[in-house]
Amino acid sequence: MKRSRVLPVLVLAAVSAALLAACAPSATAPAAALPDPAGYRPADVTVPVPGIGAVGRWMITKDLVPATWLGEKVGGRTLREPINVLLIDRGARTPQEATTRLLAAMRAAGYPPRGGHSTGYWGEVGGQLYPMLPTGRGEAFSDAPFWLPNNHGRIFGPVAVEGGYAFTGAFSLEGVRIYPTLGHPYRSFQVSREDLADKLNAASVYKRAGYVEMGSRLDTATETTGDHDGRAVLLVAGG
């Protein structure tokens, strides 16, 4: 490799390693035992979604509280992370088939599992928590590497429903911050939701079927959901 190319590569490697350390605190050991997800009791209002059931409005952390972008602030306010994607697969006959079809759809849409993200999140349906996909260490579904701005998210399920299986998801656009501290600052919830929905609709068995009002827009003195409009996009896969 020419010397002129060595320095940029080394800088990129150093920044990538630092970003990975800064943005994946889930890799560190917890200070105390984590609560049992089986004992989770919803602390917030759920939303009745036809074809799925009572859906929780927020992505849930391993501490069983609503996710807040790893403590990042937006205008000095806590950023709450909403569930903004809903998927129903009427073609899957087993949980394994539903998961396989979902993973294939995400890859076809340009959102394969990629490393460099925090993990350990849950989604709530019917008062029960469902684990996240993808399942790899430090992975989320993303349209670009973590050292670049990227649309990314997690999907929860599968949830057995009448005529198939369902999933919920939380997707967002993150930037890359070098100064004053390394990190992944929030950029948008809507941009990522619409990008994923468009690409799934164009390249997979999942097709757009409208929006569900989740009542999850926050704009108070202490909390915000950024540009989130309170809705989740609904996509349905037929038989």
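Within the range 218-239, being part of a loop (DSSP other than H, G, I, E, B) and more than 17 Å from the chain's Cα centre (by Cα) holds for L218, T220, A221, T222, G238, G239. Scanning the range 94-119 for residues that are surrounded by fewer than 16 Cβ atoms within 10 Å (Cβ to Cβ) and under 29 Å from V45 (Cα atoms) returns a single hit, P95.
Name the single residue, out of those in the range 175-187 being in a strand (DSSP E or B) and open to solvent by 10 Å² or more (accessible area, probe 1.4 Å), that is farthest from N84 (Cα to Cα). Ranking the qualifying residues of the range 175-187, first place goes to R177. For the residues Y121, Y111, the requirement of being touching a strand residue (DSSP E or B) at 6+ places or on another chain (Cβ under 9 Å), closer than 17 Å to L235 by Cβ and in contact (Cβ under 8 Å) with a residue 12 or more places away in the chain singles out Y111. For the range 157-173, the set of residues classified as surrounded by fewer than 24 Cβ atoms within 10 Å (Cβ to Cβ) and within 16 Å of S118 (Cβ to Cβ) consists of L173 only.
Criterion applied to R208, R231, R154 was being under 26 Å from Q96 (Cα atoms), surrounded by fewer than 23 Cβ atoms within 10 Å (Cβ to Cβ) and modelled with pLDDT of 95 or more, and the one residue passing it is R208. The set of residues in the range 158-174 being touching a strand residue (DSSP E or B) at 6+ places or on another chain (Cβ under 6 Å) and either in a loop (DSSP other than H, G, I, E, B) or in contact (Cβ under 8 Å) with a residue 60 or more places away in the chain (or both) consists of P158, V159, G164, Y165, A166, F167, T168, G169, A170, F171.
The values are calculated or read from the model by the stated rules, or taken from the named source; none is laboratory data. Keep in mind the model is a prediction, meaning the values are calculated, not measured. Please note: Cβ atoms are built from the backbone with ideal geometry, for glycine as well, and neighbour counts cover all protein chains shown. We work out accessible area using only protein heavy atoms, side chains counted, and drop any ligands, DNA or RNA first. Shrake-Rupley method; radii C 1.70, N 1.55, O 1.52, S 1.80 Å.
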